[in-house]
Structure formats: C-alpha cells, structure tokens
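The values are calculated or read from the model by the stated rules, or taken from the named source; none is laboratory data. Fair warning: this is a prediction, and the values are worked out from it, not measured in the lab. Here the Cβ positions follow ideal geometry from the backbone for every residue, glycine too, while neighbour counts run over all protein chains shown. With ligands, DNA and RNA removed, areas are computed over all heavy atoms of the protein, side chains included. Shrake-Rupley method; radii C 1.70, N 1.55, O 1.52, S 1.80 Å.
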Amino acid sequence: QVQLVESGGGLVQFGGSLRLSCAASGFTFSAFTMSWHRQDPGKQRDLVAQISRLGYTTYADSVKGRFTISRDNAKNTVYLQMDSLKPEDTAVYYCRRNVGDVWGQGTQVTVSS
C-alpha cells in the first residue's frame, strides 16, 4: 500500500525553525520526484518545494533562502527544513509523490508573531 506520513509540525515563534519529515512506504521511493505543498483554510494548495529523484530542487519564491528540501533514499524519507519562519508560513503542510498524485495526511505548522 502506497503511503506518505508527515511529522514534525507544531507551534513556533517568529524567526524560529522546524523540520518536517515525510516517511514513504509501499513504493520505490528513490525513483520518484517528491514535493511539499501547503494550504491555508479557504485557499488553494500551493507548491513549496520539490526534489527530483536525482536531487535537483526547486522552491517557491516566498520560501527561497529560508526553506531546504532534502531526501534520504536509504530511509525513504523526504525532509523540509524551515528556518526564519514567518506568520505567513502558517498552514497545513502536505507531502506529495508527484507521479500518481499521492498525498500524505498533512501536518499543521503555526508561526506566532
């Protein structure tokens, strides 16, 4: 069964850091591009960062220089290191396997001002 499970969300103060993890199972993780997305209530779900199977990364302009996406193929896990967090980063963060449009359940990130 293909599954993505996010963890690491929580409440953090302005300027703080969090690291999100997404554990994958049920497929050959190393063969797929993975991405992180976020969604505020009532808004569309937006791409935050993406990493290819070869490790090439892309970022939304709003998080460039503050967020870092990485992957550990030995652990079947993709990470999102979030630094210099701002209140506007508050959202539910989702992990996605691009092929087949597979999503995790999401993890809440709240940044207080």
Which percent of the Cα-Cα distances in the chain go past 25 Å?
15 percent
With a 1.4 Å probe and all protein chains left in place, how much of the accessible area of the range 1-93 comes from carbon and sulfur atoms, in whole percent?
47 percent
Please give the residues of the range 82-113, grouped as numeric ranges, whose backbone N is less than 12 Å from a label point set 7 Å along the Cα-to-Cβ vector of L47.
98-99
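Looking at the range 1-50, which trypsin sites (Lys or Arg not before Pro) are in a loop (DSSP not H, G, I, E or B) and have at most 12 other Cβ atoms within 10 Å? Please report the intermediate quantities before stating the final value.
Working: sites: R19, R38, K43, R45; in loops: K43, R45.
Qualifying residues, ordered by number: K43.
With every protein chain present, what is the per residue accessible area of the chain (1.4 Å probe, Å²)?
Dividing the accessible area of the chain by its residue count gives 52 Å².
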Just going by the charge dipole of the chain, with Lys and Arg at +1 and Asp and Glu at -1 on Cβ, which of Q1, G42, V102 is farthest out on the positive end?
Q1
Residues of the range 63-99 with the amide nitrogen closer than 17 Å to a label point 7 Å from the Cα of Q3, along Cα-to-Cβ, please.
75-78, 95-97
Placing unit charges on C-beta atoms (Lys and Arg positive, Asp and Glu negative, everything else neutral), compute the dipole magnitude of the chain about its Cα centre in debye, rounded to 20.
200 debye
If the chain between D72 and F14 were fully extended at 0.36 nm per residue, the gain over the current Cα-Cα distance would be 18.1 nm
Could you check the simple spin-label distance between S30 and S112, using points 7 Å along Cα→Cβ, in nm with one decimal?
4.3 nm
